[in-house]
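The structure under discussion appears below in the form of structure tokens.
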Amino acid sequence: MLYLSIKALHIIFVTSWFAGLFYLPRLFVNHAMVTDTATLQRLALMEHKLYRFMTPLGILAVILGMWLWFGFGLSGGWLHAKTALVTFLIVYHLYCGRLMRAFAEGRNTRSHVWYRFFNEVPVLVLFAVVFLVVLKPF
Ligand code: HEM
């Protein structure tokens, strides 16, 4: 019962974290296309609030995942591969924080096209992680 409750919470926080990982780079796409001050300031505020909201969700998703792994003695190559992908996702999250600060300080140098590709990265990671954890291929 405890194991399944933790797994349910894990999936809830993973889903919530991904809502932010999908939406924040989408805000960056819009931010890279606008020039008027009012819109620039509004997008910077939205990005700041979203980043502050999604960070604890990511931390809880990872803590609960680690609890499932180490608390119940699970093992398997899929867990190591999954953790490697999640580590990449954490780096992506932190890089979004850097980009957010660059936008807020008017230091963004990348185009909206670059952000459209950047926005797709979490989608690819989500596919890989979910297939890994459900199929456990190795
Ligand atoms: C380092 C971070 C993470 C660790 C250590 C971890 C570990 C685990 C473990 C041990 C399970 C239970 C597997 C089972 O009962 O079959 C699990 C379930 C799950 N994890 Fe994670 N997880 C992490 C992050 C994530 C992330 C970022 C995602 C999404 C992309 C994710 C998606 C899932 C899903 C969908 C399940 C349910 C699988 C099922 O019920 O078959 N996890 N995780």
**Message:** Run the simple label-point estimate for residue 83 and residue 135 please: 7 Å along Cα→C-beta, distance reported in nm.
**Reply:** 2.2 nm
**Item:** Largest-first principal axis extents of the Cα set of the stretch 95-138 (Å)
**Value:** 45, 19, 11
**Message:** Give me the extension gain from residue 127 to residue 91: residue separation times 0.36 nm, minus the current Cα-Cα distance, reported in nm with one decimal.
**Reply:** 11.2 nm
**Message:** Per residue, how large is the accessible surface of the chain? Use a 1.4 angstrom probe and give square angstrom.
**Reply:** 60 Å²
**Item:** Per residue, the convex hull volume that the Cα atoms of the chain enclose (Å³)
**Value:** 94 Å³
**Prompt:** Among the lysines, which fall within straight-line cross-link reach of residue 82, defined as a Cα-Cα distance under 19 Å, with same-chain neighbours fewer than 8 residues apart omitted?
**Reply:** 7, 136
**In range of the label at residue 3: residues from the stretch 50-85 whose backbone nitrogen is under 12 Å from the point 7 Å along Cα→Cβ** = 68-75
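The values are calculated or read from the model by the stated rules, or taken from the named source; none is laboratory data. Just so it is clear, the model here is predicted, and its values are computed rather than measured. Positions of Cβ are generated from backbone atoms using ideal geometry, with glycine treated the same way; all protein chains shown enter the neighbour counts. When the accessible area is computed, the model is the full protein with side chains, heavy atoms only, and any ligands, DNA or RNA have been set aside. Shrake-Rupley method; radii C 1.70, N 1.55, O 1.52, S 1.80 Å.
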